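The values are calculated or read from the model by the stated rules, or taken from the named source; none is laboratory data. Not measured: the values here are computed from a predicted model. We work out accessible area using only protein heavy atoms, side chains counted, and drop any ligands, DNA or RNA first. Shrake-Rupley method; radii C 1.70, N 1.55, O 1.52, S 1.80 Å.
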Amino acid sequence: METEQTEQEADQSYLREVANSEGLRRPSMAIHCLHHLIHRYLSATMPEDARMATGSNTPIIVYLSKHRDCDVFQHDIERHFSITRSTASRVLTRMEHKGLIRREEVKRDKRLRKISLTTESWGIVEQLRDNAAHMEETLLAGMSQAQIQELLQSLGRMRENLISTGLAGSDRDQGSRDGSRLGGVGEKNDASAHARKRFSDKARGRDEKE
């Protein structure tokens, strides 16, 4: 019993030491740094064929790929990314001219035109997925199965610790933030408003330049 108490005290002491440390010894700083490195790596290794779909095109392509079994219309794009009708129309028209999407009439209402990916865009989706998978392999290189499992469990525990405070949202909120580019058709979530605003601003900026 005394040994167990001593171990708990040692753990608490080490926790406080890490929590008050500087630089990359702090888990939050290490994760933040890694997050930026991942984005830099993905940008540097993006397949050449996929670069034509950078900017405001890529989120829409990924969104459509996630909803291949749904009928997606312009108003879904508008709601999901919080962009205006005119901005969505301009972005989609340019994507259509690039051969990235097709818009087709639907039998039930010829005023509606459903949006789907072209063969070229599906090729881009596959390249992006392959590149992301290669990045994951690069991240985990040299680690054993046990180490990878322990890492994932530790990251999961960190997430649960923050969620348990009631101040950081929930797993569902996190899914919505991750889904600000990939989420459900017409789905709107305040937690991802900032990400959608950045997409909207980027889209408008591209429109003005073009």
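Odds and ends about this structure:
- Cα-based shape type of segment 71-176, given that a ≥ b ≥ c are square roots of the gyration tensor eigenvalues and the cut on a/c is 1.5: oblate
- Segment 21-65: C-alpha gyration tensor shape, a/c 1.5 cut-off, then a/b vs b/c: prolate
- Arg108, Arg25, Arg129, reordered so the largest accessible area comes first (probe 1.4 Å): Arg108, Arg25, Arg129
- Per-residue Karplus couplings for segment 108-125, computed as 6.51 cos²θ - 1.76 cosθ + 1.60 with θ equal to phi - 60°, are listed in order as 6, 7, 5, 6, 8, 10, 6, 10, 9, 7, 8, 4, 4, 5, 5, x, 5, 4 Hz, Gly and Pro entered as x.
- With every protein chain in place, segment 64-132: carbon and sulfur % of accessible area (1.4 Å): 47
- Nonlocal amide H pairs with Ile101, under 5 Å, H built at 1.01 Å: Glu96, Thr118
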